[in-house]
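In what follows, a structure is listed as structure tokens, so that the remarks can point back to it.
The values are calculated or read from the model by the stated rules, or taken from the named source; none is laboratory data. The model shown is predicted, which means the values in this text are computed figures rather than measured ones. Heads up, the Cβs are rebuilt from the backbone with ideal geometry, glycines too, and the neighbour counts pull from every protein chain shown.
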Amino acid sequence: MLDLFLQTVVNATYAASYLALVAVGLALIFGVMGVINFAHGELYMLGAYAVVYLYVEQEMNYFAAVAIGLIFLGVLGAAMERGLFRPMRDNPLGGLIVSIGLLLMLQAAVAMGFGVRMEHITAPYQTVIQVFGMEGVVIPLQRLFVILAAIILLGGLWVFLRRTRLGWAMRACAQDNEAAALQGISINQTARLAMCIGAALAGVAGALTAPLVRTYPYMGHSVIVAAFIVIIVGGIGSLEGAVIAAVLYAFVHTFVTTQFDGVIADIVGLVMMMLVLIVRPTGLFGTKDRA
Amino acid sequence: MPDAVGSRGGGGGGKLAYTLIGLVLLYALLIVLPHLVSFSQKEILVFLTINVLVVVSYRLLTLTGEWSLGHVVIMGVGAYGSGLYAKALGVPVPLAMLLGACTAAAVAFVLSFPLFRMKGFYFLIGSFAAGEIIRLLWKRFREPFGGPKGLKLLPSFPDIEIGVVTISFFDPVNYYYFCLIVVSVSLFILYRLERSRIGLTFHAVHWEDRLAEAVGVNTWRLRTLAFVTASFFAGLAGALLGHYLTTVNPNQFDVEQMVFVLIWVIVGGTATFYGPILGVVVLTVINEIVLRGLGVDQARPLIYGAILVATMLFLPQGLESLVPKAKALFTGRRPAAPQGQRAGAE
């Protein structure tokens, strides 16, 4: 019984890690630009397909594929900011609507390029590690990569936002765009950087989980729903909130899935989000800003 | 502040006569149309007629300024409700359809309590969550919703016998006429509602909700009224669809369908009554004639997405904003001052 419990804890930690990577990017984009990027799940999906293309089809080194995927997604994010979100800046739901259009386009483009069939990627490292010194509690190395990547990248982002001038500029924009502009901060540059970071984080999450899940063009849907739940529960625009809510959601979801089934777990997650929206729309850690 | 009420209606007797002649011609065309097209296009006419009701009812909701992502699920509530009443309880299909629509309205009424605590983006996400919860419940519970495969073999609309003539609604043309009547009546009701004092107050709630409250308008009640009425007609559209297909399943009402409704409405424009109709008709014609002709089935979402993005960037007031310009070109007069709302603008 104890080993099942501990195994579920390990699984939930893994789920929390990739979810946090996706949700923190989403929260960062919302915080800085005030845009909800509905296509964020598709950026995750593109990260996975970068691995499908480079690692499986071009037989490149796995980590090189992940790195190229990260750069590609970062550039794509910056392009999205320039082409889609900047023209929509004074239109509160406009950015969301164009991102829905982009979502359809990316799904269809990938479906046309790679087919709608689910692909199963063989993980480059098959090692399974025992944890807690128990026979029945294991973690595959590939999952450990995801957890490590989440810790390193999110930790790095935290340091960047707290310790560098660019990070301060970004936080200033998140608090008050106009006041930040008056201090000489370029809103456009900051927004581009936020989109770049957000998209790259989603891409890394997709690239690292690609060998662990089935990749198909519509895989972003379940991820974006989970990420929405996480950023709403955590308080929209709050990065710390997103991380804590990702852990909370992943644990609830994993335990409910283990006890009942996946659909019930999805319902529980959505009910959680509805309750937060009703009782405390600013989320557990949100402030009144941007609410 | 743009005037969202539109400039149609009112006017002198001459204008009314033109409107009447226009309507008669339009209906003459709509009655002849199914005899001019192929069999598969007849089916598409049925869907198009139903979709017109979906987008127009959706627009009623947007009048109060809220954009929902749950409208298609509410439509599904009507389809499931009507199907269950007819199949499990043996209610005659026409009555079941009305009951299904009432069920959709009732569900919307219940949902309005949590949802109208939210506004703007929060409403959007809240309605999405509520819709997904309902859809997952259909998926999860085999009894009575049939699980992922949904309800099958629903009773279809009963034949009507007038003397020696039997009208079978298995024939898409007859079902199209039936839908045309139901949708026309619904559109008339929705149109009158918007023109009434209540409809004008919807606009007030949208553009100046604080001011409206200050002069004694109960904005909560009005939002709920718009939501419940829109949901009733969405449910009716769902019931029409369910008994035509004789099957309903959760995937028919997923978020992708909702995205298509959103695209139709935004491409058409929401400032006028005819905007969303224009959107759904033009996009369906493009879809069926151009895209099917080119044989690019897989690229369809790509093109739809591109159309949505291009509309938002280059034609934010939708196709309807072209109508006054076209009219001006036709009559040689200068177009009236621009009117209308941009999709998503609060």
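Is one or more of the residues making up the range A:165-180 assigned to a helix (DSSP H, G or I), of a type outside the set (Asp, Glu) and closer than 21 Å to A:TYR55 by Cβ? Please lay out each step first, then the result.
The first filter runs over the range A:165-180 and keeps only residues assigned to a helix (DSSP H, G or I), leaving A:165-175, A:177-180.
From what is left, the residues that are of a type outside the set (Asp, Glu) are A:165-175, A:177, A:179-180.
Next cut, closer than 21 Å to A:TYR55 by Cβ only: none.
No: zero hits.
Kindly evaluate B:THR219 against the criterion of being on the phi > 0 side of the Ramachandran plot and of a type in the set (Ser, Thr, Tyr).
Values: on the phi > 0 side of the Ramachandran plot: no; of a type in the set (Ser, Thr, Tyr): yes.
No; evaluated as a whole, the condition is false for this residue.
Given the condition surrounded by fewer than 24 Cβ atoms within 10 Å (Cβ to Cβ), without any contact (Cβ under 8 Å) to a residue 12 or more places away in the chain, farther than 23 Å from A:ILE185 by Cβ and within 14 Å of another protein chain (Cβ to nearest Cβ), answer yes or no: does some residue in the range A:45-62 qualify?
Checked the range A:45-62: no residue is surrounded by fewer than 24 Cβ atoms within 10 Å (Cβ to Cβ), without any contact (Cβ under 8 Å) to a residue 12 or more places away in the chain, farther than 23 Å from A:ILE185 by Cβ and within 14 Å of another protein chain (Cβ to nearest Cβ).
Look through B:LEU61, B:LEU23, B:LEU16 and report the one residue that is modelled with pLDDT under 95, under 29 Å from B:THR201 (Cα atoms) and crowded, with 24+ Cβ neighbours inside 10 Å. Talk me through it step by step, then tell me what you get.
Values: B:LEU23 fails: crowded, with 24+ Cβ neighbours inside 10 Å; B:LEU16 fails: crowded, with 24+ Cβ neighbours inside 10 Å.
Unique residue meeting the criteria: B:LEU61.
Pick from B:LEU111, B:LEU98: which is over 16 Å from B:ARG223 (Cα atoms), at pLDDT 90 or above, hydrophobic (A, V, I, L, M, F, W, C) and within 20 Å of the chain's Cα centre (by Cα)?
B:LEU98
Looking for whichever is in contact with a His (Cβ under 6 Å, 6 or more places away or on another chain), closer than 18 Å to A:LEU153 by Cβ and aliphatic (A, V, I, L, M) here; the options are A:ALA202, A:ALA210. Which one fits?
One residue alone meets the criteria, A:ALA202.
Being closer than 30 Å to B:ILE125 by Cα and in contact (Cβ under 8 Å) with a residue 24 or more places away in the chain narrows it down to one of A:ILE139, A:ILE100, so name that one.
When all the criteria are applied, what remains is A:ILE100.
Quick one: in the range A:24-44, of everything that is in a helix (DSSP H, G or I), closer than 20 Å to A:TYR249 by Cβ and within 14 Å of another protein chain (Cβ to nearest Cβ), which residue is farthest from the chain's Cα centre (by Cα)? Spell out the reasoning first.
Going through the range A:24-44, the residues in a helix (DSSP H, G or I) turn out to be A:24-33, A:40-44.
From the residues that got through so far, the ones that are closer than 20 Å to A:TYR249 by Cβ too are A:24-31, A:40-41, A:43-44.
Those still in the list that are within 14 Å of another protein chain (Cβ to nearest Cβ) too: A:26-27, A:29-31, A:40-41.
Details: A:LEU26: 6, A:ALA27: 9, A:ILE29: 11, A:PHE30: 13, A:GLY31: 15, A:HIS40: 7, A:GLY41: 7 Å.
This residue is A:GLY31.
Residues of the range B:116-149 being among the small types (Gly, Ala, Ser) and touching a Leu at 6+ places or on another chain (Cβ under 8 Å), which ones?
B:GLY120, B:GLY126, B:SER127, B:ALA129, B:ALA130, B:GLY131
For the range B:156-261, give me every one of the helices (runs of 4 or more DSSP H) that falls completely inside it and has 3 or more residues that are under 16 Å from B:SER57 (Cβ atoms).
B:172-195, B:197-207, B:219-245
Can you tell me which residue within the range B:116-128, out of those that are at pLDDT 90 or above and more than 7 Å from every other protein chain (Cβ to nearest Cβ), is nearest to B:PHE253 (Cα to Cα)?
Checking each candidate, the answer is B:PHE128.
Mind listing whichever residues of the range B:229-258 are of a type in the set (A, V, I, L, M) and farther than 15 Å from B:LEU69 by Cα?
B:LEU236, B:ALA237, B:ALA239, B:LEU240, B:LEU241, B:LEU245, B:VAL248
Looking at (1) without any contact (Cβ under 8 Å) to a residue 24 or more places away in the chain; (2) within 14 Å of chain A (Cβ to nearest Cβ); (3) surrounded by 17 or more Cβ atoms within 10 Å (Cβ to Cβ), which is the only condition B:LEU99 fails?
Of everything listed in (1) without any contact (Cβ under 8 Å) to a residue 24 or more places away in the chain; (2) within 14 Å of chain A (Cβ to nearest Cβ); (3) surrounded by 17 or more Cβ atoms within 10 Å (Cβ to Cβ), B:LEU99 misses just condition (2).
Inside the range B:117-128, can you point out the residues that are over 19 Å from B:ALA234 (Cα atoms) and surrounded by fewer than 22 Cβ atoms within 10 Å (Cβ to Cβ)?
The first filter runs over the range B:117-128 and keeps only residues over 19 Å from B:ALA234 (Cα atoms), leaving B:117-122, B:125.
Passing the criteria: B:ARG117, B:MET118, B:LYS119, B:GLY120, B:PHE121, B:TYR122.
If we scan the range A:214-232, do we find a residue that is modelled with pLDDT under 90, charged (D, E, K, R) and more than 26 Å from A:ILE100 (Cα to Cα)?
No, the range A:214-232 contains no residue that is modelled with pLDDT under 90, charged (D, E, K, R) and more than 26 Å from A:ILE100 (Cα to Cα).
State yes or no: is A:GLY113 surrounded by fewer than 17 Cβ atoms within 10 Å (Cβ to Cβ), in a loop (DSSP other than H, G, I, E, B) and not basic (Lys, Arg)?
no
Just name the residue that is nearest to the other protein chains (Cβ to nearest Cβ) out of those in the range B:129-148 that are surrounded by 13 or more Cβ atoms within 10 Å (Cβ to Cβ) and within 19 Å of B:THR246 (Cα to Cα). Write out each step before concluding.
The initial filter retains those residues of the range B:129-148 that are surrounded by 13 or more Cβ atoms within 10 Å (Cβ to Cβ), namely B:129-140, B:145-148.
After this cut, where a residue has to be within 19 Å of B:THR246 (Cα to Cα) as well, the list is B:135, B:138-139, B:145-148.
Working: B:ARG135: 10, B:TRP138: 10, B:LYS139: 6, B:PHE145: 12, B:GLY146: 14, B:GLY147: 10, B:PRO148: 9 Å.
In this case the residue turns out to be B:LYS139.
Can you name the number of the only condition in (1) assigned to a helix (DSSP H, G or I); (2) more than 12 Å from the chain's Cα centre (by Cα); (3) hydrophobic (A, V, I, L, M, F, W, C) that A:LEU21 fails?
With (1) assigned to a helix (DSSP H, G or I); (2) more than 12 Å from the chain's Cα centre (by Cα); (3) hydrophobic (A, V, I, L, M, F, W, C) applied to A:LEU21, the lone miss is (2).
So that you can scan it fast, the table gives a plain yes or no per residue for (1) in a helix (DSSP H, G or I); (2) under 22 Å from B:PHE116 (Cβ atoms):
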{"residue": "A:ALA227", "(1), (2)": "yes, no"}
{"residue": "A:ILE232", "(1), (2)": "yes, yes"}
{"residue": "A:GLY237", "(1), (2)": "no, no"}
{"residue": "A:ALA242", "(1), (2)": "yes, no"}
{"residue": "A:PHE255", "(1), (2)": "yes, no"}
{"residue": "A:THR258", "(1), (2)": "yes, no"}
{"residue": "A:VAL268", "(1), (2)": "yes, no"}
{"residue": "A:THR282", "(1), (2)": "no, yes"}
{"residue": "A:PHE285", "(1), (2)": "no, no"}
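Please go through the range A:179-212 and pick out each residue that is of a type in the set (A, V, I, L, M) and without any contact (Cβ under 8 Å) to a residue 24 or more places away in the chain. Outline the logic, then answer.
Residues of the range A:179-212 that are of a type in the set (A, V, I, L, M), as a first pass: A:179-182, A:185, A:187, A:191, A:193-195, A:197, A:199-202, A:204-205, A:207-208, A:210, A:212.
Answer for the range A:179-212, where residues must be of a type in the set (A, V, I, L, M) and without any contact (Cβ under 8 Å) to a residue 24 or more places away in the chain: A:ALA179, A:ALA180, A:ALA181, A:LEU182, A:ILE185, A:ILE187.
Here are some residues: A:VAL98, A:VAL110. Which one is among the β-branched types (Val, Ile, Thr), over 30 Å from A:GLU57 (Cα atoms) and within 14 Å of another protein chain (Cβ to nearest Cβ)?
Every option except A:VAL98 fails the conditions.
Quick check on this structure: which one of B:PHE330, B:PHE233 is touching a Ser or Thr at 6+ places or on another chain (Cβ under 6 Å) and of a type outside the set (Gly, Ala, Ser)?
The unique qualifying residue is B:PHE233.
Let me spell it out: the conditions are (1) buried (at least 16 other Cβ atoms within 10 Å of the Cβ); (2) within 14 Å of chain B (Cβ to nearest Cβ); (3) touching a residue at least 40 places away in the same chain (Cβ under 8 Å), and A:ARG82 meets all of them except one. Which number is the exception?
Only one criterion is unmet by A:ARG82, namely (1).
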